[in-house]
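The values are calculated or read from the model by the stated rules, or taken from the named source; none is laboratory data. Note that the structure is a prediction, hence the values are computed from the model and not measured. Cβ atoms come from the backbone with ideal geometry, glycine included; neighbour counts cover every protein chain shown. Heavy atoms of the whole protein, side chains included, go into the accessibility calculation; ligands, DNA and RNA do not. Shrake-Rupley method; radii C 1.70, N 1.55, O 1.52, S 1.80 Å.
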Amino acid sequence: MQPLEDYLEQQRQRVEVSLDQCLPTPDSYPSVLMEAMRYSVFAGGKRLRPILTLAAAEAVGGDAEPVLPAASALEYIHTYSMIHDDLPAMDDDDYRRGKLTNHKVYGEAMAILAGDALLTLAFRLIADNASRMNDPRMIARVVVDVADAAGTDGMVGGQVVDIESEGKDVSVETLEYIHRHKTAALIRVSLTAGATLAGGRPQELAAIRAAGESLGLAFQIVDDILDVEGSLAELGKSAGSDERKKKATYPAFHGLDVSKQKARTLIDEAKRLLDPLGPPAVPIRALADFVLERRS
Ligand code: GRG
């Protein structure tokens, strides 16, 4: 296999092109909405979720190219969640990825609408992508999975419990619920959507789903650790915000050492779960290591 950096860069470039092509053109009407959507989509994310979608399609023997619209859709859902999370009514952040947040540039109303438009576009792209693949039954499967991961039983549900838990002493079960729903669910479905669209068999899908769950939880634990240990330059936002906002985090509950060990164990588990898929799953395994080692 080529070095991970080359693989990531190659996939990232394909994703960047697709993210541009799947959005309405910048001169579409109303132009301020197009501008606001593009501002946050192209604010410099790592593109982890869409790259996982491409890697999952390849892991079950499919091609990455046909699943690019669905991969882009998952990045749009992620971007919408960031835009809304930064709003004064939620985390009230002025900076994201080292740039002013969407509402700081376009105002709150436009930031809400840009997020809504990205979420809506995402479901259109997924349904359209699935309808072009071999098996039409896939449309329902993938749309339901993504809706579950993004909605009340996923990211939105996790965000609600996170907000409600701020400043309170939460149980370990609540902490686990927040992390698995707010963050892990979208990472997990980024993998399963790619594998499903590429025609993965039930056993392959089950392995990828379980690996995605471990990888997603590890991602959020690493995010918690970075909020304690990272620098402004690395994170593109000020570190220590979780502690200031009295958020429920792994380091706050378990300490840094146990949190690091837990993240490592989850990544090992994700990689082991992918063993039955053999060499085609090597890029996902490498991405799992990247999640553990990332500094931003
Ligand atoms: C508003 C419905 C709604 C949900 C928001 C995900 C989320 C829920 C809030 C974001 C809060 C946060 C920073 C969570 C930590 C995990 C996370 C999603 C980090 C950012 O993801 P990266 O590192 O971002 O993949 P980039 O910038 O690389 O795209």
Give the stretch 222-248 a look and list any residue that's at pLDDT 75 or above and either among the basic types (Lys, Arg) or near the ligand (Cβ under 10 Å from one of its atoms) (or both), or say none.
Val222, Asp223, Asp224, Leu226, Asp227, Ser241, Asp242, Arg244, Lys245, Lys246, Lys247
When you look at Leu186, is it farther than 23 Å from Leu87 by Cβ, of a type in the set (A, V, I, L, M, F, W, C), open to solvent by less than 50 Å² (accessible area, probe 1.4 Å) and in a helix (DSSP H, G or I), yes or no?
no
Hits in the stretch 124-151 (condition: under 22 Å from Arg180 (Cα atoms) and more than 10 Å from the ligand (Cβ to nearest atom))
Arg141, Val142, Val143, Val144, Asp145, Val146, Ala147, Asp148, Ala149
Every pair of residues 6+ apart whose Cβ atoms lie under 7 Å, when the first sits in the stretch 265-292 and is without any contact (Cβ under 8 Å) to a residue 24 or more places away in the chain while the second is open to solvent by less than 40 Å² (accessible area, probe 1.4 Å):
Arg285/Leu274
Which residue pairs have Cβ atoms under 8 Å apart, sit 6 or more places apart or on different chains, and have a first residue in the stretch 128-150 that is surrounded by 15 or more Cβ atoms within 10 Å (Cβ to Cβ) and a second that is outside any helix (DSSP H, G or I) and modelled with pLDDT under 85?
Ala130/Pro136
Kindly indicate whether any position in the stretch 162-178 is touching a residue at least 24 places away in the same chain (Cβ under 8 Å), more than 21 Å from Lys46 (Cβ to Cβ), among the β-branched types (Val, Ile, Thr) and open to solvent by less than 20 Å² (accessible area, probe 1.4 Å).
yes
Helices (runs of 4 or more DSSP H) within the stretch 1-108 that include 3 or more residues within 18 Å of the chain's Cα centre (by Cα) and surrounded by 21 or more Cβ atoms within 10 Å (Cβ to Cβ)
4-22, 31-41, 48-59, 68-85
Could you grab me the full set of residues in the stretch 154-180 that are within 14 Å of the ligand (Cβ to nearest atom) and either in contact with a strand residue (DSSP E or B) (Cβ under 8 Å, 6 or more places away or on another chain) or among the hydrophobic types (A, V, I, L, M, F, W, C) (or both)?
Met155, Val156, Val160, Val161, Ile163, Leu175, Ile178
